[in-house]
Amino acid sequence: MNIRITYNWLLDYLDTDATPDQIREYLSLCGPSIESVEKIGDDYVFDIEVISNRIDYASVIGIAQEAVAILPMFGKNAKFKKNPLEKYNFKNITVGNKNICSLHVKITDPKLCPRFTAIVIENVLISKSPSFIKERLIACGIKSINNVVDISNYLMLSLGQPVHTFDYDQIKGSTMIMRESKKGEKIITLDEKEVTLPGGDIVIEDGSGRLVDLCGIMGGLNSSITDKTKNVLLFVQTYDKVKIRKTTMSTGVRTVAATFFEKGLDPERVEPTLAYGVELLEKYTGGKVGSKIYDIYPKKPEKKLLVMSYGVFGKKIGVEIPKKTINEILTNLGFLVEHDGSTLRITVPSFRVNDIDIPEDIVEEVARVYGYHNIPSKLQPAVYVEQPKEMEDLFVFQNRIKIFLKHLGLNEVINYSMISRSMIEDGGLKIEDHLRLSNSLSEDIEFLRISLLPSLAKNIKENMGKTRYNTAPGLKLFEIAKVYIPVGNKNICSLPNEIYRLGIAVNTDYADLKGIVEAVYRELNIPDDLSVPEIVDKNGVFMTEIDFQTLIDNCQLVPTYKPLHPYAIIKLDKTFEINPKKTYDIIQKMAFKSKLLQKIEVVTLYQNKLTLRFYYSSPEKNITESDAKSELEKL
Amino acid sequence: MDDNKYIEEINSAKSQEQLSELEIKLLGRNGIINDLLSKIKDIPNDEKREYGQKINMLKTSIDQSIKVKKIELSKQKSSVFFDKTLPGKAYPKGSIHIVSYAVEEISKIFEKIGFIRVSYPEVDWEYGAFESLNMPSNHPARDDVETSFIDVPAHLKLGKMVLTPHTSNGQNREMKRVGKPPIRMINISKCYRPNWDPTHTPMFHQFEGLCVDSDINIINLRGTLDYFAEIYFGKGTKTRLRPHHFQFTEPSFEVDISCNACKGVGTIHELSVQKKCRVCKSGWLELGGTGMVHPNVLKEGGIDPSASSGWAFGFGIERVIMMKYGLDDIRNYYSGDIRFLEQF
């Protein structure tokens, strides 16, 4: 999430000599990332990224707190002018004697709402906001509506605590029952949309049984502020963050307020927000406090204390940071620091209890403000860690084969591991043999492949018509990737077997593909008896896939050496008429029964007339042509 | 017999063709020499010997002259123009996927400082993808990591089956495989998230570094990042860490590298006008997330966080390719388009 705040607004709370650009640079290095500074009128707008554990700095006061800690590290002054968190409390609110307006509040489960506060401001005049509020809100990307609604938004950006305002007179029976919603209950929210609730959401029902608020997310239309509103109910709460998150995710109603509440807010922040809100409403709407302060706060959180030694910082960071600097940084961030000798007792401020748990969290606070750019850079000492042989082989051979196939003129492709139903069916495979994604973005990528061939077939098909800067005949593609073979049954499943395969597809001819596979075998010195896997012919696209582990298991780094010998090699040609009962394979198996045969070569094939060349030789003695002939005649 | 006439004729030949014609005319079966030899029968007997010797000498000198002239002519340019600027014989040139190149390059960079490349499942349980990384179920941090689920019954203890949304599932597995530190791991793998738009593909690659030892600190992480950036992106490339938040590291950082286009300044001079650098926002480019391994992650991997510490990072391969080579249309990576593939 990002928030926008302005420079002048920040200066309301912060006394500093840093320019907007310096604030952007220094805070980004040590704290919140300020993604941009934009000049609007005589003010500057910061666009700030809020990381998910630091909702506490998603406000002007939150950024001021960071600035107080960070800017001095760059030689800039930064002090709070007035810290509204300290300045504003319930004692500021003058509650008159005659409080006509009352509110009956019932919270069915205290867990829903750690802190509930409300107060009525009566006799308000709905009008435009003062220009400073209006301009700041617009600069920060928030629409200006009227003085009351604008003040609630202004409070949220100032202090990081979302606030709601009701038309008090629309809360029937002055009664609010905060409870969990029932499944299917409906509420029309401020934006005039009807939301059907999944159940278990935090809602408020008024005395007439109407839902008036989808708490923490959006108020109900029936009780919203209108031009006719006389009495305003200012409403400041914190909620169970898990419930807020569930509701906003399941209903799809994502509001700025929800992005705050779902991260868990500080109940202590509620009091200054309400007090500041009362001041602004009285000042800019002409209203006056018309009720007592309702504050339901059953369990004030306990103080969070961390005890750690100064030694931890040096060990984790790698440099010794002076104790004084450590104390200053933590104090400026709002921590209460007590120390004796080597031990630190740190009280975590209430607005940081959600993200500070362990000493490492404190180390991070000190290290970042000290500045990661001030930490030197040095490689860790080298040590030897043994790489498992099977992992090493996998990567070494993959790389070797990729380079080899590239040199043969093939193009490597990487396809998605997921394929579509129709690709599976076209490939003659069964849907039920595949693992399926339950939340696939598209039916194109719904199933995990158990074969590389459907993807390769698709690649060839899609590339056939492409005009290329290359007239090399045909397409020759390969892919080395995992396939995912399911393990188990419908009830109990294990993780699938992830097996690497080499898939090759060409649209030239059968012999081309077979030759490529044989060349791979030769490159890896794989013995001749490993047969070429089945080659699929699909409308002129020839494809095959090989289990990668089989290649590794059969490969030899260096082929078996045959001693050189000075004896003659006799070459003889012979022509065979081949037929299904007399294939090359049968002929060569027969021929190799001869101990003198070293090699067979195909010379020509014309129709079914196959001419082969036989190389006969003996490593022990010279053989004669007649010796060779008699070997060949045995065929 | 006019010996010199023949020799002169040979010497004045202008081309190999002319020379071949002469050779046939003089030395061929019906050539002059044979003709002269056949006339020997008409020579008086006592002159026959001298006549024969003379003809043989002539034959030898013609033969030699032709050989010499042949060599001479072959040194001259042939009459048909031979264009040496023509390309040589065309050998096939295939291609390797740009991601494969990057994977190899990155593996080698880390291999030099003792990191071993490992291989872990791409389909894992939620435990491996989240719980083992200090991300309990229902934690909002899981939102930042959108996940693709597999449609099978969940494991009673380990949760649902998922496509790994990051390579970090290798952390817990490597800790358990090694048993005790030191760990120097580089895990490169396919990852999956349900995002498909001009800048995201539902499958992508990450490389994950994990270093655990008795005294690993932020200095070592910085050292490793600087080492990687200088070798992969080029000498002089700088890194910077910015605070961030990840559940599995504490402290957590985002790493930026200095932009090579503007040398980290953020502006470039174009026709003597100072302009904002088009490649980066402000002199820096975001590389990815990193941090010191969270004690809970070490504990979950069976490593005592009071005795060991570590750092980890996970960066996108496509992202570093984009930053290094400017190949920014990531959708082409996995479309299988031959016009894209064959360029590498």
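So here's what we get for this one:
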| quantity | calculated |
| --- | --- |
| Packing-based order for A:350-356, B:255-261, using average beta carbon neighbours within 10 Å, highest first | B:255-261, A:350-356 |
| Simple Cβ-charge dipole of the protein assembly as shown, Lys/Arg +1 and Asp/Glu -1, about Cα centre, in debye nearest 20 | 500 debye |
| Highest-first arrangement of A:539-547, A:319-327, where packing means the average Cβ count within 10 Å | A:539-547, A:319-327 |
| Alpha-carbon centroids, the stretch A:502-535 and the stretch B:284-318: separation in whole Å | 43 Å |
| Student exercise, the stretch A:389-554 dipole from Lys, Arg, Asp, Glu Cβ charges, in Debye to nearest 20 | 500 debye |
| Per chain B, cysteines lacking a partner by the 4.7 Å Cβ criterion | B:Cys191, B:Cys211 |
| Helical contribution to [θ] at 222 nm, DSSP H n ≥ 4, -39,500 (n - 2.57), averaged over chain B, rounded to 500 | -11000 deg cm²/dmol |
| Peptide B:235-242 - average C-beta neighbours from other chains (10 Å radius) | 3 |
| Nearest 10 degrees, 0 to 90: helix A:147-159 Cα axis against chain A principal axis | 60 degrees |
| Sites A:Lys430 and A:Leu408, calculated FRET efficiency, Cβ-Cβ separation with R0 35 Å, nearest 0.05 | 0.55 |
| Low-density loop positions, trypsin sites (Lys or Arg not before Pro), the stretch B:173-279 - DSSP coil, at most 13 other Cβ in 10 Å | B:Lys235, B:Arg278 |
| Check: the stretch B:1-135 dipole with +1 on Lys, Arg Cβ and -1 on Asp, Glu Cβ, in debye | 840 debye |
| Among beta bridges that DSSP assigns inside chain A, antiparallel share in %, nearest 5 | 95 percent |
| Of B:Lys84, B:Lys157, B:Lys112, the one that fluctuates the most in a GNM where chain B has Cα springs shorter than 10 Å | B:Lys84 |
| Three principal axis lengths of the protein assembly as shown [C-alpha, angstrom, descending] | 165, 69, 61 |
| Helix axis angle, B:218-233 relative to chain B longest principal axis, alpha carbon, degrees | 30 degrees |
| Selected from B:Phe81, B:Phe246, B:Phe130 as most flexible by GNM, with chain B as the system and alpha-carbon contacts under 10 Å | B:Phe81 |
| Sparse-neighbourhood loop sites, GluC sites (Glu not before Pro) in the stretch A:24-73 - DSSP loop, at most 14 other Cβ within 10 angstrom | none |
| Ascending count of other beta-carbon atoms within 10 Å, so fewest first, for A:Leu452, B:Leu58 | B:Leu58, A:Leu452 |
| Rounded Å value of the spacing that divides the Cα centres of the stretch A:323-377 and the stretch A:39-75 | 19 Å |
| Angle in degrees between helix A:323-332 and the longest Cα principal axis of chain A, rounded to the nearest 10 | 60 degrees |
| Most mobile listed residue (B:Ser38, B:Ser306, B:Ser148) in chain B, GNM with C-alpha springs under 10 Å | B:Ser38 |
| Neighbour-count order for A:Leu610, B:Leu22, B:Leu133, A:Leu306, fewest beta carbons within 10 angstrom listed first | A:Leu306, A:Leu610, B:Leu22, B:Leu133 |
| Helix-only mean residue ellipticity at 222 nm for chain A, each DSSP H run of n ≥ 4 adding -39500 (n - 2.57), per residue, nearest 500 | -9000 deg cm²/dmol |
| Exercise: per-residue mean of other protein chain Cβ atoms within 10 Å, B:120-128 | 3 |
| Candidates per trypsin sites (Lys or Arg not before Pro) in the stretch A:270-313, loop by DSSP, up to 13 other Cβ within 10 Å | A:Lys299, A:Lys303 |
| Part-to-part distance (alpha-carbon centres) for the stretch A:578-613 and the stretch A:244-280, which is given in Å | 83 Å |
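Bear in mind these aren't lab numbers, they're just calculated from the coordinates by the rules spelled out. These numbers come from a predicted model, not from an experiment. Glycine also receives a Cβ, built like all others from the backbone with ideal geometry; neighbour counts cover every protein chain displayed.
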